[in-house]
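The values are calculated or read from the model by the stated rules, or taken from the named source; none is laboratory data. Bear in mind that the values here come from a model prediction, so they are computed numbers and not experimental data. Here the Cβ is made from the backbone with ideal geometry for all residues, glycine too, and neighbour counts use every protein chain on show.
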Amino acid sequence: MTTGEYNESVNLYADNIYRFILKNIKDQDKAKDIVQDTYEKLWLRVETVSYEKARSYLFTTAYHTMIDMLRRDAKQSSMESVSPSEYSHSEQYSDLHEVLNQAIQLLPEAQRSVIMLRDYEGYSYEEIAEITGLSISQVKVYIFRGRIFLKEYIGKVETVL
């Protein structure tokens with residue numbers, strides 16, 4: 001990859017990576033640090049990463065950097081101990097976007113990441129599996145379980161609107 005292609009990858013993908021990380025961790029400073037670390041890692045491997053693979057490499061690296069940071073900060077929690085009914089939303093509210101963001105934050109980190117990559121960033125199951133290091137089957141399971149939780153949390157759309 002040339003310097004020009006590297007700069008172009010910064011222009012093309014930095015905002016998307018930042019949004020993806022920010023949606024997952026809700027900390028602007030940490031999200032900026034992760035994006036910066038991701039591009040630093042790309043710069044160190046600029047000779048071995050082709051421009052065509054830069055997007056995939058960047059999202060994969062950002063994802064793994066975020067996971068490392070979350071583990072380091074010990075912020076992971078298990079969803080097995082939480083009942084969806086404890087957090088279900090039944091009162092009438094008109095801001096579906098806000099309710100959905102609240103529900104997404106309640107998902108386990110792995111489910112939240114794959115749902116965001118699939119539904120917000122538009123990646124295929126195969127690309128998500130490559131980025132996260134999960135099998136395609138596990139990606140599908142996490143997306144399915146996450147969507148079930150979101151559906152139970154939000155309830156009927158009519159009650160939210």
Condition set without any contact (Cβ under 8 Å) to a residue 60 or more places away in the chain and surrounded by 14 or more Cβ atoms within 10 Å (Cβ to Cβ), scope the range 13-28, selection farthest from Ser56 (Cα to Cα): answer is Asp27
Take Gln76 and tell me if it is surrounded by fewer than 16 Cβ atoms within 10 Å (Cβ to Cβ), modelled with pLDDT of 85 or more and not hydroxyl-bearing (Ser, Thr, Tyr). no
